[in-house]
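Peer 1: Next up is a structure, given as structure tokens.
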Amino acid sequence: MLVLSVILCGGMFLAASVGNEQKQPVDYVSPNIGGIGQLLTATIPFVQYPHGMARLAPITTPGITDRYLADKIYGFPAGPAMLMASVGSQSNHPEAYASEFDHDFETSTPYYYSVDLETWGIKAEFTATQSSGYYRFTFPESRHGHLVFSTEKDAELTVVGNKAIQGTQRILGPLGKLANPDGETRAYFYAEFSRSFDTYKTWQNDDATHAPRQSGNHIGFVTDFPSTSGEQIEVRVGLSYISAEQARRNLQREIPDWNFERVKSETRAIWNKALSEIQTNGGTERERTIFYTALYRSLQRMTDITEDDKYFSGYDHQVHAAQGHHFYIDDGLWDTYRSLHPLQLLIEPHRQQDMVRSYLRMYEQSGWLPSFPSVAGEQEVMIGHHAAPFILDTYMKGYRDFDVEEAYAAMRKSASDATMIPWNRGTLTSLDRSYLEKGFFPALARGENESVPQVTGERRQAVSVTLEGSYDDWSVGELAKALGKQSDEIYFTKLAHNYQNVFDPTINFMAPRSADGKWIPRLNPKLDGGQGGRDYFTEVNSWIYTFAVQHDIEGLIRLMGGRDAFNGKLDSLFIEQYGTSKFSFLGQFPDATGLVGLYAQGNEPSFHIPYLYVFSGQPWKTQKRVRQLMDVWYGDGPLGMPGDDDGGATSSWYVFNAMGFYPVCPGSPVYEIGSPIFEKTTIQLEDGKQFTIVANHVSAQNKYIQSAKLNGKPLIKAWFSHSDIADGGTLLLEMSDKPNTQWGSAPEDAPLSMTRTARRPDIERAEVTKH
């Protein structure tokens, strides 16, 4: 009955038709979009539940990072193990079972994947539930058919009877510390076969045996059986971070019987319901394909790692489980706080509140809020303490079902006691004290050798650290204000002005300063900073980071000399060239893909920049620019991503912009208006409420807003508050092919910034020191 209701709910959406069949949101998703990276990482065509713990995709040829171009499939995920099917001779080496494949004989969806393993004449299929995978292999006639499980390092495999196998492997990364704070952490699986295996071998390295148990590095298990033509053998795999027994229970709860088609159908219905939370009318087939694929990717992370009302043995989970809360983890806040989490907060706020509670659990265990745990789990990566704006955004939009006082204490501790050094964790250093006392994070002077041992090979990234630290401090100050902590509000709001201290008015760019306060001389804002700009910046250059003041755009406009000067600088960003050959520029800045001038759509620090025209009185330029970025840098094929998707960050930017609005400053509960591509977009909010964006006469050419109404009243500003839509409503836009340069352009109609909203004169403004 539950499945039927889910299907009917998803079926209410009618976006287009093919013949007499209605095409639903899930039918538009094309997981191979982005399978060829612009320069760095390609996307992965995962089959999973929304936010599922089981994330399944073909494991392709090692070393070929553009996965869509890989020549072979080596296997499929079974938790920490790899599962593969083959016929013919046996081997102790997993690569011997690899098979060639062809995308023309492949089906890839969010809920189901199938492919012909051409080398073996086997059809492989799989679907998934929350924490289990379900495989089906159709064999040819053969005297020797094989199902193979293999693991790499510090693993165990145990044969259970003649129809099951279980195993474990030590894991690294953020889950490592979460699952068992006092010791090692392991991932577990329990796999059942639809037919018994009378003959099998296990191995370690080159040594094969009939022993039912193996442990160590490079171990595996292989069955041997005769198969008939068309014979189907299924494998159900439960996953866990607690134990093999828990993996078995997860499997029995989620996939209690052998019915592949039922599980596939249920997972399809669940995805269709999730994607139908945003319904669209109009647009092209290409645009709907890109949109719903981007929304699918925006719902893959945060990962729900709750198991059978349990989290991990290291956590006191009973109270939260009794309240129906789940435990989530997201290992990339630097990427995702900007647009992914605001999007998820809009359509599934209960999950975001669960995630805040999850982060507070991590704080209780480790003493720190997480920011961006590394693969090894021993250090933070990237920069900033962006749990602060993530928590603030949740609170300011009215979602407060968590311990706010504890959240504030955790945010305050990170801002006051944690190092800001990139790719590091720990207590304050001399560099951090410079930020707190002098108002900027110091760069190395030219020719100076690094003397601070905590600085890694990722360098100091001094300007970016100052800018992003200022934003994080603003976030702490805003929550302090909301909680009536006046002295903290004053202190952190003063720190939030530190961005002013790295703006060099002699060159009109954000620039590095050495510990003595002097500007680094002869700064080249395009090319200085070494590889990735990391001496001074994070992955990009000063042209982009000069606009990285999300919390105080009005203050930045004033620093630059007013609206005309600011708009001139912003115009130049989109046409400025590289200062060297394009291949040399991308060699130095490989993350800066999706280029329009020096603007990089493929990297997160750029995401808010097209909307800055809304602050400076020229919102029609935002409307033109976001349409260009969507049309040029997002596509419906393997090259359809402008850069790394980074856990759904880049995809979520497209979802927001296709709907016609974007959150420039998470933590400030407003959205700036862009230019929608659909005639009508309806967002399902909580409690059955809806927010609808209607764009009359919208088309590729009709990208400019002539007038607007919000909830039936004229809207003369190019932004709206979250409170305006929290109870549902309608944004009505009249579109045309010519810009209306008056709409939303008056200074008093600009969105709020720290400078415009500061209430008390006793908050000191940091002075810009000139040298």
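Peer 1: Between the alpha-carbon centers of the range 575-608 and the range 639-703, tell me the distance in whole angstrom.
Peer 2: When both Cα centres are located, 24 Å separates them.
Peer 1: How long are the semi-axes of the equivalent ellipsoid of the range 38-81, taking √(5λ) for every eigenvalue λ of the Cα gyration tensor, in whole Å from largest down?
Peer 2: 20, 14, 8
Peer 1: Evaluate the charge dipole of the chain about its Cα centre and quote only its size in Debye, nearest 20, assuming +1 on the Cβ of each Lys and Arg and -1 on the Cβ of each Asp and Glu. Provide the component values of the computation, followed by the final result.
Peer 2: On the way: 70 positive and 93 negative charges, 307 e Å.
Dipole about the Cα centre, nearest 20: 1480 debye.
Peer 1: Once you wrap a convex hull around the alpha carbon atoms of the range 119-263, what is its projected area averaged over all directions, in nm²?
Peer 2: That works out to 9.3 nm².
Peer 1: Once phi is turned into θ = phi - 60°, what whole-Hz ³J(HN,Hα) does the Karplus curve with 6.51, -1.76 and 1.60 give for every residue of the range 545-551, x standing for Gly and Pro?
Peer 2: Listing the rounded values in order: 6, 4, 9, 8, 10, 4, 7 Hz.
Peer 1: For the range 631-726, which trypsin sites (Lys or Arg not before Pro) pass both filters: DSSP loop (anything but H, G, I, E, B) and at most 15 other C-beta atoms within 10 Å?
Peer 2: Details: sites: K680, K689, K703, K709, K717; in loops: K689, K703, K717.
Passing sites in the range 631-726 are K689.
Peer 1: In the chain, what % of DSSP beta bridges are antiparallel (nearest 5)?
Peer 2: 95 percent
Peer 1: What list of whole percents do you get for P(r) of the range 613-765, with Cα-Cα distances grouped in 10 Å bins up to the one holding the largest distance?
Peer 2: In whole percents, the pair-distance histogram is 10, 38, 34, 14, 3, 0.
Peer 1: Order the following by accessible area, largest value first: Y578, Y613. Probe radius 1.4 Å; ligands, DNA and RNA are ignored. If you can, show how the numbers build up before the last one.
Peer 2: Values: Y578 35, Y613 5 Å².
My answer, sorted largest first, is Y578, Y613.
Peer 1: Separate question: Suppose accessible area is computed on protein heavy atoms with a 1.4 Å probe; arrange T456, T429, T119 from highest to lowest. Kindly include the intermediate steps, with their values, before the conclusion.
Peer 2: Working: T456 40, T429 10, T119 70 Å².
Ranked from most to least accessible, the order is T119, T456, T429.
Peer 1: Something else now. How much net charge surrounds G532 when only other residues with a Cβ under 12 Å from its Cβ are counted (Lys, Arg +1; Asp, Glu -1)?
Peer 2: Combined, the nearby Lys, Arg, Asp and Glu give -3.
Peer 1: Distance cut-off 27 Å, Cα to Cα: go down the list K23/K621; K163/K264; K569/K738 and report the pairs above it.
Peer 2: Listed pairs above 27 Å: K23/K621.
Peer 1: Write out the trypsin sites (Lys or Arg not before Pro) in the range 444-478 meeting two conditions: DSSP loop, and at most 15 other Cβ atoms within 10 Å of their Cβ.
Peer 2: Here the sparse-neighbourhood loop sites are R446.
Peer 1: Something else about it: Run through the range 184-289 and list the GluC sites (Glu not before Pro) located in a DSSP loop whose Cβ has at most 13 other Cβ atoms within 10 Å.
Peer 2: Answer by residue number: E184.
Peer 1: Report, ordered by chain and residue number, the lysines lying within cross-link reach of K413, taken as a straight Cα distance under 27 Å and ignoring same-chain residues fewer than 8 apart.
Peer 2: Within the straight-line cut-off, K413 pairs with K177, K397, K438, K481, K485, K494.
Peer 1: Which net charge results when you count Lys and Arg as +1 and Asp and Glu as -1 among the other residues whose beta-carbon is under 12 Å from that of Y363?
Peer 2: +1
Peer 1: Moving on. Provide the three semi-axes, in whole Å and in decreasing order, of the ellipsoid equivalent to the chain as defined by the square roots of 5 times the Cα gyration tensor eigenvalues.
Peer 2: Numbers: eigenvalues 408, 184, 123 Å².
Over the Cα atoms of the chain, the ellipsoid semi-axes are 45, 30, 25 Å.
Peer 1: Taking a 1.4 Å probe, which of D591, D724 shows the most accessible area, and what order do the others take after it?
Peer 2: Descending accessible area places them as D724, D591.
Peer 1: Right, another one. Do the sum for the chain: with -39,500 (n - 2.57) for every DSSP H run of n ≥ 4, divided by all residues, what is the mean residue ellipticity at 222 nm, to the nearest 500 deg cm²/dmol?
Peer 2: -8500 deg cm²/dmol
Peer 1: Taking K and R as +1 and D and E as -1, what net charge do the other residues with C-beta under 13 Å from the C-beta of D737 add up to?
Peer 2: +3
Peer 1: Using each residue's phi in the range 419-436, evaluate 6.51 cos²θ - 1.76 cosθ + 1.60 at θ = phi - 60° and report the 3J(HN,Hα) Karplus result to the nearest Hz, with x for Gly and Pro.
Peer 2: Calculated HN-Hα couplings, in order: 5, 9, 4, x, 6, 8, 9, x, 8, 5, 10, 4, 5, 5, 5, 5, 4, 6 Hz.
The values are calculated or read from the model by the stated rules, or taken from the named source; none is laboratory data. Keep in mind it's a predicted model, so treat the numbers as computed, not measured. Using ideal geometry, Cβ is built from the backbone for each residue, glycine included, and neighbour counts are taken over all protein chains shown. For accessibility, only protein heavy atoms count, side chains too; no ligands or nucleic acids. Shrake-Rupley method; radii C 1.70, N 1.55, O 1.52, S 1.80 Å.
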